[in-house]
1. Within the set of pairs 6+ apart or on separate chains, which have a first residue in the range 1-24 that is on the phi > 0 side of the Ramachandran plot and surrounded by 14 or more Cβ atoms within 10 Å (Cβ to Cβ), a second that is assigned to a helix (DSSP H, G or I) and of a type outside the set (Asp, Glu), and C-beta atoms under 8 Å apart?
2. Mind checking which pairs have a first residue in the range 35-51 that is within 13 Å of PHE72 (Cβ to Cβ) and a second that is among the small types (Gly, Ala, Ser) and assigned to a helix (DSSP H, G or I), Cβ under 6 Å, 6 or more apart or different chains?
3. Is at least one residue of the range 53-68 in a loop (DSSP other than H, G, I, E, B), surrounded by fewer than 15 Cβ atoms within 10 Å (Cβ to Cβ) and not small (Gly, Ala, Ser)?
Amino acid sequence: MPRLGIGARWHHERYDGNGYPDGLSGTDIPEEVRIISVADAYDAMSSCRCYNENFTQKYITNELIAGKGSQFDPVFTDIMLSIVNDGKTYSNQ
């Protein structure tokens, strides 16, 4: 599964170029990584973790909006926001 390496290598890159390991930015970050980034952030905030409880949908929405264009690809952020705002509650619980 060679494509998995792409996500593993660059999942800490940021849309604004302030991530690591290579400081990629914008569309230089592979598309699957830009999708994984926003999905992983949503999953982390909506799941109970050993270091925090899950956050409210309002909090998560605000965090995604705050990261749009800096941490996250704006196109994929908008897609995630449309999913979050569809009126359903998503949780791993």
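Here, each number is a calculation from the coordinates, and none is a lab measurement. A quick note: this is a predicted structure, and the numbers were derived from the prediction, not measured. Neighbour counts are summed over all protein chains in view; Cβ atoms, including those assigned to glycine, are modelled from backbone coordinates with ideal geometry.
1. Within 8 Å, the pairs are GLY17/GLY26.
2. ILE36/GLY7
3. yes
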